[in-house]
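J.: The structure that follows is given in the form of structure tokens.
Derivation of every value follows stated rules applied to the coordinates shown; laboratory data play no part. A quick note: this is a predicted structure, and the numbers were derived from the prediction, not measured. Methodologically, a virtual Cβ is constructed for each residue, glycine included, from the backbone with ideal geometry; neighbour enumeration extends over all protein chains shown.
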Amino acid sequence: MISRWTGLWATVLFVGSALAAQPQPKPGQQTAQEFRREIRTEHRLDYLLYVPKAADAEPTKRWPLVLFLHGAGERGTNLNAVAVHGPPKWVAAGKEYPFILASPQCPPGQVWNSTTLLALIDELQASLPVDARRVYVTGLSMGGYGTWELAVKHPERFAAVAPICGGGERIRTLLPAQREALKTLGVWAFHGGKDNVVVPAETERMVEAFKKAGNESVKHTVYPEAGHDSWTQAYNDPALFEWMLKQSR
């Protein structure tokens, strides 16, 4: 089953400021100051949603959730573009998956916003029979960057991630508060050996950062002859989702 759902995309509303009494700065002097502001944010996303056929026959079952993040070329307002690559492409062709699949579309001129994506996941968990212990994210190119960002910012929210031809902020893997969750996050990263759009070193750096953070099970696959389109081989390999669905929080 494929359906179109509409959520909310990041509109920031400044609802007020609360500034404590502050000493007036004197020319030539440095004074301590404090800034506080309450901000309310609305989030909007259009997305494709797939729920397994078997969900009707098993109304009490909780299902894994896979979040798929497309690349820069699929941004826009034509939701059909999301199904050009990856899992939503195969669903559109008639393939059935044993998990709920959510494939959002990034608006024109923007990149993936991890806060918005987490809000979408929260909504899906509240409205669908999602197994909270088996939430996964995968993405390609710009979506690979989005996948790495979710992995390093909120590793405790996911059982496994599969970033393809992306990169990320390694410094976040050094934060002590997230170290234990990083150690136990399932990671399988992919890249094309001849990628000249996002160089393979971007994935290599993230893989090494996770290893240094104590994640001893991180997997890294390089397709030696592949260019930027390493996602076709990755998503065509049934081993990817077989591995993913075995991971649990």
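J.: By how many degrees, 0 to 90 and rounded to 10, does the Cα axis of helix 114-127 deviate from the longest principal axis of the chain?
T.: Between the helix axis and the principal axis of the chain, the angle is about 60 degrees.
J.: Would you mind telling me the antiparallel percentage of the DSSP bridges in the chain, rounded to 5? The partial results should precede the final answer.
T.: Values: 16 of 38 bridges.
Counting only bridges with both partners in the chain, antiparallel ones make up about 40 percent.
J.: Continuing with the same structure: Find out how many positive minus negative residues lie around residue 109, taking Lys and Arg as positive, Asp and Glu as negative, among other residues whose Cβ is under 15 Å from that of residue 109. Don't skip to the answer; put the middle values down first.
T.: Numbers: positive: 44, 75; negative: 74.
Taking every other residue near residue 109 into account, the sum is +1.
J.: Now a separate question. What's the ranking of 121-129, 227-235 by average number of surrounding C-beta atoms within 10 Å, highest first? Don't skip to the answer; put the middle values down first.
T.: On the way: 121-129: 14.4, 227-235: 19.9.
Peptide ranking by packing, descending: 227-235, 121-129.
J.: Counting each DSSP H run of 4 or more residues in the chain as -39500 (n - 2.57), what helix-only mean residue ellipticity at 222 nm follows after dividing by all residues, to the nearest 500 deg cm²/dmol? Each step should come with its number before you reach the end.
T.: Details: 8 runs with 70 residues, N = 249.
Helix-only estimate at 222 nm: -8000 deg cm²/dmol.
J.: Further question: Using the Karplus equation 6.51 cos²θ - 1.76 cosθ + 1.60 (θ = phi - 60°), what ³J(HN,Hα) coupling, rounded to whole Hz, does each residue of the range 189-200 give in order, writing x for Gly and Pro?
T.: Computed from phi, the couplings for the range 189-200 are 9, 10, 7, x, x, 10, 6, 10, 9, 10, 5, x Hz.
J.: While we're on this one: I'd like the Karplus ³J(HN,Hα) series for the range 168-181: coefficients 6.51, -1.76, 1.60, θ = phi - 60°, whole numbers in Hz, and an x wherever there's a Gly or Pro.
T.: x, 8, 5, 4, 5, 6, 8, 6, x, 5, 10, 4, 5, 5
J.: Moving on to the next point. How tilted is helix 142-153 with respect to the longest principal axis of the chain? Cα atoms for both, answer in degrees (0 to 90, nearest 10).
T.: Helix 142-153 and the main axis of the chain meet at about 60 degrees.
J.: Name the residues whose placed amide hydrogens come within less than 5 Å of the amide hydrogen of residue 76, ignoring near sequence neighbours (fewer than 5 apart) on the same chain.
T.: 106
J.: Let me ask something additional. If packing is taken as the average number of other Cβ atoms within 10 Å across a peptide's residues, how do 184-193, 109-118, 51-60 rank, most packed first?
T.: Working: 184-193: 22.5, 109-118: 16.0, 51-60: 11.0.
Top to bottom by mean Cβ count within 10 Å: 184-193, 109-118, 51-60.
J.: For the range 191-227, which GluC sites (Glu not before Pro) are in a loop by DSSP, counting at most 11 other Cβ atoms within 10 Å?
T.: 216, 225
J.: May I have the count of lysine pairs in the chain with C-alpha atoms under 22 Å apart, counting pairs 8 or more residues apart or located on different chains?
T.: Lysine pairs meeting the criterion: 19.
J.: Find the centroid of the Cα atoms in the range 182-249 and in the range 127-160, then give the distance between the two in whole Å.
T.: 14
J.: Can you give the local net charge around residue 204? Use residues other than it whose beta-carbon is closer than 14 angstrom to its beta-carbon, Lys and Arg +1, Asp and Glu -1.
T.: Details: positive: 170, 205, 211, 212, 219; negative: 195, 202, 208.
Surrounding charge for residue 204 is +2.
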